[in-house]
1. Of Glu378, Glu388, which has the most accessible area and how do the rest follow, probe 1.4 Å?
2. May I ask what percent, to the nearest 5, of DSSP beta bridges between residues of the chain are antiparallel?
3. Of the listed pairs Lys112/Lys396; Lys441/Lys471; Lys114/Lys251; Lys442/Lys470; Lys442/Lys471, which have alpha-carbon separations greater than 26 Å here?
4. Quick one: pull the percent of accessible area on region 298-454 belonging to carbon and sulfur, 1.4 Å probe, ligands and nucleic acids left out.
5. Let me spell out the model: positive unit charges on the Cβ of Lys and Arg, negative unit charges on the Cβ of Asp and Glu, origin at the Cα centre of the chain. What dipole size does that give, in debye rounded to 20?
6. Classify region 40-170 from the C-alpha gyration tensor, please: rounded if a/c falls under 1.5, else prolate or oblate depending on whether a/b exceeds b/c.
7. Would you kindly give the portion of the calculated P(r) for region 358-411 that falls above 16 Å, as a percent of all Cα pairs?
8. Normalised by the residues of region 236-315, what does the relative contact order come to in percent, with Cα pairs under 8 Å and at least six apart?
Amino acid sequence: MSGTFVGMPAFPKAAHEAVGNTTLRANLRHATHTIRDKRAKAVAELDDWALLREAGKQIKDHTLRHLDTYLVQLEETVTAAGGTVHWATDADEANRIVTHLVKETGECEVVKVKSMATQEIGLNEALEEAGIAAYETDLAELIVQLGHDRPSHILVPAIHRNRGEIRDIFTKEMGEWGRPAPEGLTDTPAELAEAARLHLREKFLRAKVGISGANFMVAETGTLVVVESEGNGRMCLTLPETLISVVGIEKIVPTWRDLEIFLQTLPRSSTAERMNPYTSMWTGTTDTDGPRAFHLVLIDNGRTDTLADEVGRQALRCIRCSACLNVCPVYERAGGHAYGSVYPGPIGAILSPQLRGTTSEIDASLPYASSLCGACYEVCPVAIDIPEVLVHLREKVADQGGPGHRLERAAIKAAGWILDHPGALAAGERVASRTRKLHPKKLPGPGAGQWTNSRDLPQMPAEPFRDWWKKNRT
């Protein structure tokens, strides 16, 4: 994955700083509770939701088992429809391909549809280094870009911002990127949306190159699908002369009939809508409509390695609905930036360490960024058992060793010896009870101390249970 977030602290430290930001917590609490309540009502309308969920899981699992076959079929159908397919092993290769394609057009600016894949590979930064300006057109992504910020949510990247902050960003920054914000701009949603619309309109009409991701790719016909709520995607996909779509290899569905399932489950799980306001589909190129050149860049970037893990591969089922973020008590308090990845929340805690590996401090910490409450699994529309994968990844991290894990092994070994020697256990219990007033409220040291930073040590009883039993029971 991209190095965009390199240098961030591990999750415990980043989360500790985030929970002290009362504005951030208030913004997150309001937004996540609103979205998840609406989602629950939208899902309750369907009597067959459980069957749709299971169907989505089965389709994704089948596709992943035969991914090689469907990727070849997709290349054939896209090519037959007039498109060109490019294969990228990693982020660097994907960025080189896209940068080369843009430079071939002679253009020095592009408009972009909201795309997790391009954020994952750090495409905007790569284009900037090559002298190409990339303009985000999704409202939330525009807010993030103008604010020199990072996205903190899969569906609503600027969820950590309130209306007043957005107004200030527009007023200060819009003029540096194009059309400035109107004079006297207030923080009412209608005025903020109109300011963004006016700012972006000139870019839509001027841009010759558009860059997108895709929610789904249909192998049967070579069709790509983008679902969105604002219409900016439709503009980016149809107005430019050249369209470049950057998509992860796991986004394939075999047939149109399979797509039907996800067009029911994705909008209800993400935006709590029965159907997305804009569902755009394109198949190659035509002489009379849309872009004259279409390029599809398929990226691996760790996905093949993830696919090889029998437990962890289920993370590749993800359709990026963000339902797991909106119910997660950890995400609600820590926010998305603490995860150090473009994929925050529960899905990010299992996806990022698999795509990037667990050798860095931040990736090794992500599998522990969960209470294992299971709420994420309950709302996932493709039934990803996130708690199962979290535990699986924790085992991998523990097997790598490290100071904390060596201390843990030593403590478990010592506990095993004590439990095998009842006399030593009883003596230790009596000593602990008699010295209980001297016990600290937090354990010392970097290892045990981290555990008690967020937990209270239980108070030691006045006497051991076995002594109490002898006194009160014959």
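1. Descending order: Glu378, Glu388.
2. Once the DSSP bridges in the chain are tallied, antiparallel ones form about 25 percent.
3. In this structure, Lys112/Lys396; Lys441/Lys471; Lys442/Lys470; Lys442/Lys471 lie more than 26 Å apart at Cα.
4. 59 percent
5. So the magnitude is around 2540 debye.
6. Oblate, since a/c reaches 1.5 and b/c is not below a/b.
7. When all Cα pairs of region 358-411 are counted, 48 percent exceed 16 Å.
8. With pairs under 8 Å counted, the relative contact order is 47 percent.
The values are calculated or read from the model by the stated rules, or taken from the named source; none is laboratory data. The model shown is predicted, which means the values in this text are computed figures rather than measured ones. Neighbour counts are summed over all protein chains in view; Cβ atoms, including those assigned to glycine, are modelled from backbone coordinates with ideal geometry. With ligands, DNA and RNA removed, areas are computed over all heavy atoms of the protein, side chains included. Shrake-Rupley method; radii C 1.70, N 1.55, O 1.52, S 1.80 Å.
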